[in-house]
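Chemist: Have a look at this one before I ask anything.
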Amino acid sequence: MEEKNKRMILVFFLLISATFQVCFSAASQSQPPPKTRSTPSTAANRFGSSAVFRVTGNVYPLGYYSVSLEIGNPPKIYDLDIDTGSDLTWVQCDAPCKGCTKPRDALYNPRGNLLPCKHPLCSNIHLPANLHCETSDDQCDYEVEYADHGSSLGVLVSDHIPLRLTNGSIFGPRLAFGCGYDQRYPSSNLLPPTVGVLGLGNGKGGIISQLHGLGVIRNVLGHCLSGRGGGFLFLGEDLVPSSGISWAPMSRTRLEKHYSAGPAELLFGRKPTGIKGLQVVFDSGSSYTYFSSEAYKTTLDLVTRGLDGKPLKGTTEDGALPICWKGTKPFKAVRDVKDYFEPLLLSFMKNVQLHLPPENYLIATKHGNVCLGILNGSEVGLENFNIIGDISLQDKMVIFDNEKRQIGWVSADCDRLPKS
Ligand SMILES: *[C@@H]1O[C@H](CO)[C@@H](O)[C@H](O)[C@H]1NC(C)=O
Ligand SMILES: *[C@@H]1O[C@H](CO)[C@@H](O)[C@H](O)[C@H]1NC(C)=O
């Protein structure tokens, strides 16, 4: 089906990291760094602030949420996919570039700001040994591969990233990120409209731990993705409500590098499903939710059985997602079918619950059908863990507190940027 080839489901979720090499001319590295209006942080103001970004995008039809980040001096704008599933931030690089989408302003042009292998962040960003680091002055290359088999390959640079803080100051610290010159996307005939990834994971190479290391913000971040599209993202803790949040401890497992929680039990229509011990990763870089094979099969069976005698019929003609239903007349929104579907619920220890009403696991497509936004993780090679993607994170403020090592959520109106 033609439609099917065109669907784009992004799963920005880091799988591996390795090295590769394209050399930038050494001559370009001797230029002075750009001037900046950065304000040095003072001890008195330590952690006094947060940075808030307006988010654009939606789960369907776009398949991503993004923010506009200013980089450099004078700053240029880059629209980046927000990804809590990986650490490294990267933008499209002005180098002989494969699979590059041109940013609004210009491709990122590294000028004298490549990070050398001896820079501490170089070893933090690389998992395997720095294969191409023959001398400590060599450029530091990176490669990231995502769960959907997309990847980015490039070189690490550092540059000023002006951030508007909630206390009114503009802070322009030098942060390390990737200049990506070779990108692969899961769907080769469709380039994504974003020009890179804002890696929000807690790894040492990530933006959040770099900012925390500079003493600018607390090591806390969160997002609020609206079901109507848009929302906001914050780095720092100023916008975290003082009460009403359900907190689950971050797991200390091999998934530690990701924002994961568990074990959780799956309930459907408030009844146990028999599925327990789920580890779930909160990944804003994934448009949809992925369940491991058993949880997926159970969910699909229960949802299907729940439609017995209801005026909905399975259809394979939609193409937006693998499992869809049509009604007697086209649906405009998930709201129209809400009563035919039971809520899902993930129950963590100590009675901490993540409610997933039908809006958090269904989409209404442009053909007027509804489709299941929970996908089969086994099909994309995810085993033994589950990804909670954008669809299930909508209309909640979701908070990642790396200091107290906990993940929190609370229902919220994400259309309104809170005043702080
Ligand atoms: C705002 O916070 C930043 C970082 O904590 C600090 O450097 C700056 O001086 C603060 N600005 C004001 C106006 O307090
Ligand atoms: C999920 O995907 C795996 C691997 O492709 C497949 O074997 C399994 O049957 C799928 N599960 C369902 C319920 O479709």
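Chemist: Assigning unit charges at the beta carbon (Lys, Arg +1; Asp, Glu -1) and nothing else, what dipole magnitude in debye, to the nearest 20, does the range 331-418 show about its Cα centre?
Modeler: So the magnitude is around 140 debye.
Chemist: If the cut-off is 22 Å between C-alpha atoms, which lysines fall inside it for residue 102, apart from same-chain ones fewer than 8 positions away?
Modeler: 6, 76
Chemist: Which length gain, in nm to one decimal place, applies between residue 136 and residue 304 when the Cα-Cα distance is subtracted from 0.36 nm times their residue separation?
Modeler: Contour length minus the Cα-Cα distance gives 54.6 nm.
Chemist: On a 19 Å Cα-Cα criterion, which of the cross-link pairs 326/366; 276/338; 313/366; 98/257 come out too long?
Modeler: With Cα atoms farther than 19 Å apart: 276/338; 98/257.
Chemist: Using the heavy atoms of the protein chains alone and a 1.4 angstrom probe, what is the accessible area of the range 246-411 per residue in square angstrom?
Modeler: Result: 44 Å² per residue.
Chemist: Right, another one. Sorted by mean Cβ packing within 10 Å, highest first, what order do the peptides 322-330, 175-183, 406-414 take?
Modeler: So the order, starting with the most tightly packed, is 175-183, 406-414, 322-330.
Chemist: Normalise the Cα radius of gyration of the range 133-237 by 2.2 N^0.38 Å (N = residues in it) and let me know the number.
Modeler: So the Cα radius of gyration is 1.24 times the expected 2.2 N^0.38 Å.
The values are calculated or read from the model by the stated rules, or taken from the named source; none is laboratory data. The structure displayed is predicted, hence computed values, not measured ones. Every residue, glycine among them, receives a Cβ derived from its backbone with ideal geometry; neighbour counts consider all protein chains shown. The area values use the complete protein model at the heavy-atom level, side chains included, leaving out ligands, DNA and RNA. Shrake-Rupley method; radii C 1.70, N 1.55, O 1.52, S 1.80 Å.
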